[in-house]
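Notes for the one structure printed next.
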Amino acid sequence: MKKNKKIILIITILVALILLGGCATWYVLNNNASDNGKNNISSVEQTNDMSPEELFQAFCDGKITAEARSYYDDTTWTMDNTSFQFEETTPEEEFDASLAVTKVDPVDLDNDGEVEFILENAMYGDMCFDCKDGKVVCFAQGEGTAAMCSFTQYDGAYWIVHSDTTHGGRCTYVLTKFNGNLEVVDSFKFGWEDWEDDGIKTYYLDDNEITEADYKDLYDKVF
């Protein structure tokens, strides 16, 4: 009888220890989850408090991502710093000219009185970043050699330029003007075509044919 009581007592103690261990594990896991949540909230709050310069640097350092927008349509995607290489920090054996970028001086590309940040690539041109309100947005970039990106000052404002100047039979420039909300407020295209490759070029502005003199005059004003 005493032996049975002793066995029951041992079993009771073991069950109690198991229950206590389970409670302790649950407590630790929930506290860790709570701490992780707090860390995430803290990270977001810190991002919201960053200056434009700090946001851009955090993106370049791989600490935050950016929203990227397509020139061709309404497509958006998430961009991080693995999309490019900084020439000064990339080992020679890993260097890829299509990914290599350098920082250039910030410019007020959306004409709102605040500068935007620019990474320049030799093959595809500029990547233009608007950094504010805790977010980084790449609102213009080169998308292939048929849409090399740059910018210019024309008619009292900055315009984003996508150009195709390396393919036979055509030369095209598309200019887009943004406002401070990254909305397109004006755009036009001009260039020439010579599909027969006979040296006889047709010049145009939007959907209208223009003279060679008008084309050259517009080109000189734009660039």
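Among the residues of the range 164-186, the ones that are touching a strand residue (DSSP E or B) at 6+ places or on another chain (Cβ under 6 Å), β-branched (Val, Ile, Thr) and open to solvent by 40 Å² or more (accessible area, probe 1.4 Å) come to 3 in all. For the range 52-77, residues that are in contact (Cβ under 8 Å) with a residue 40 or more places away in the chain, open to solvent by 70 Å² or more (accessible area, probe 1.4 Å) and assigned to a loop (DSSP other than H, G, I, E, B) total 3.
Criterion first (among the aromatic types (Phe, Trp, Tyr), in a strand (DSSP E or B) and in contact (Cβ under 8 Å) with a residue 40 or more places away in the chain) does residue 188 satisfy it? Talk me through it step by step, then tell me what you get.
Working: among the aromatic types (Phe, Trp, Tyr): yes; in a strand (DSSP E or B): yes; in contact (Cβ under 8 Å) with a residue 40 or more places away in the chain: no.
Considered against the rule, which asks whether it is among the aromatic types (Phe, Trp, Tyr), in a strand (DSSP E or B) and in contact (Cβ under 8 Å) with a residue 40 or more places away in the chain, residue 188 comes out as no.
For every residue, the table says whether it meets (1) open to solvent by less than 20 Å² (accessible area, probe 1.4 Å); (2) hydroxyl-bearing (Ser, Thr, Tyr); (3) closer than 28 Å to residue 96 by Cβ; (4) in contact with a Lys or Arg (Cβ under 8 Å, 6 or more places away or on another chain).
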position	(1), (2), (3), (4)
109	yes, no, yes, no
122	no, no, yes, no
126	yes, no, yes, no
136	yes, no, yes, no
143	no, no, yes, no
154	no, yes, no, yes
188	no, no, no, no
202	no, yes, no, no
208	no, no, no, no
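For the range 79-91, residues that are at pLDDT 85 or above and either surrounded by fewer than 14 Cβ atoms within 10 Å (Cβ to Cβ) or in contact with a Phe, Trp or Tyr (Cβ under 6 Å, 6 or more places away or on another chain) (or both) total 3.
The values are calculated or read from the model by the stated rules, or taken from the named source; none is laboratory data. Owing to the predicted nature of the structure, the values given are computational and were not obtained by experimental measurement. Reconstructed Cβ throughout: ideal geometry from the backbone, glycine too, with neighbour counts over all protein chains shown. All accessible areas refer to the heavy atoms of the entire protein, side chains included, with ligands and DNA or RNA removed. Shrake-Rupley method; radii C 1.70, N 1.55, O 1.52, S 1.80 Å.
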